[in-house]
1. Would you please list the contacts, defined by Cβ atoms under 7 Å and residues six or more apart or on different chains, that run from a residue in the stretch 52-69 that is of a type in the set (S, T, N, Q) to a residue that is open to solvent by 60 Å² or more (accessible area, probe 1.4 Å)?
2. So for the stretch 26-40 (the condition being within 26 Å of Val6 (Cβ to Cβ) and not hydrophobic (A, V, I, L, M, F, W, C)), does at least one residue qualify?
3. If I ask for residues that are open to solvent by 60 Å² or more (accessible area, probe 1.4 Å) and under 9 Å from the mean Cα position of the chain (by Cα), which ones from the stretch 1-24 would you list?
4. Being of a type in the set (Val, Ile, Thr) and at pLDDT below 95 is the filter; apply it to the stretch 54-75 and report the residue that is surrounded by the fewest Cβ atoms within 10 Å (Cβ to Cβ).
5. Could you grab me the full set of residues in the stretch 25-53 that are within 16 Å of Ile12 (Cα to Cα) and open to solvent by 80 Å² or more (accessible area, probe 1.4 Å)?
6. Between Lys49, Lys26, which is in contact with a Leu (Cβ under 8 Å, 6 or more places away or on another chain) and either of a type outside the set (A, V, I, L, M) or on the phi < 0 side of the Ramachandran plot (or both)?
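The values are calculated or read from the model by the stated rules, or taken from the named source; none is laboratory data. Bear in mind the structure is a predicted one, so any value in this text is a computation, not a measurement. Positions of Cβ are backbone-derived with ideal geometry, glycine not excepted, and every protein chain shown enters the neighbour counts. Accessible surface areas use protein heavy atoms only, side chains included; no ligands, DNA or RNA. Shrake-Rupley method; radii C 1.70, N 1.55, O 1.52, S 1.80 Å.
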Amino acid sequence: MSQSLVQVYLHIVYSTKGRRPLLSDKILRDRTQAYLVGVCKNQGAPSLKVGGVEDHVHILCRMAKVLSISDLIKE
């Protein structure tokens, strides 16, 4: 019997409350993005790219086999 491989990629966007530019400080934005990389890694959903601007963050990650999307988003 042959095996199949399925990989699900998620593009997640978080925005600041009211789309206020709370991440305008580059150091804070970089630290926030590094934190999100760690969260994805700890959940078993490695990130491929994390970025964003002053009022929102984008995360592109590969979905873990044993984790639901809602659990990943909650974390």
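1. none
2. yes
3. Filtering the stretch 1-24 down to residues open to solvent by 60 Å² or more (accessible area, probe 1.4 Å) leaves 1-9, 11, 13-15, 17-22, 24.
Across the stretch 1-24, the qualifying residues are His11, Val13, Tyr14.
4. So in the stretch 54-75, the residues of a type in the set (Val, Ile, Thr) come out as 57, 59, 66, 69, 73.
Keeping just the survivors that are at pLDDT below 95 gives 66, 69, 73.
Details: Val66: 8, Ile69: 13, Ile73: 11.
Restricting to residues being of a type in the set (Val, Ile, Thr) and at pLDDT below 95, the top hit is Val66.
5. Quick first cut of the stretch 25-53, residues within 16 Å of Ile12 (Cα to Cα) only: 32-41, 43-53.
Of everything in the stretch 25-53, those that are within 16 Å of Ile12 (Cα to Cα) and open to solvent by 80 Å² or more (accessible area, probe 1.4 Å) turn out to be Tyr35, Lys41, Leu48, Lys49.
6. Details: Lys26 fails: in contact with a Leu (Cβ under 8 Å, 6 or more places away or on another chain).
That would be Lys49, the only listed residue that is in contact with a Leu (Cβ under 8 Å, 6 or more places away or on another chain) and either of a type outside the set (A, V, I, L, M) or on the phi < 0 side of the Ramachandran plot (or both).
Residue by residue, here is whether (1) among the acidic types (Asp, Glu); (2) part of a helix (DSSP H, G or I) holds:
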site: Leu5; (1), (2): no, no
site: Tyr14; (1), (2): no, no
site: Ile27; (1), (2): no, yes
site: Asp30; (1), (2): yes, yes
site: Lys41; (1), (2): no, yes
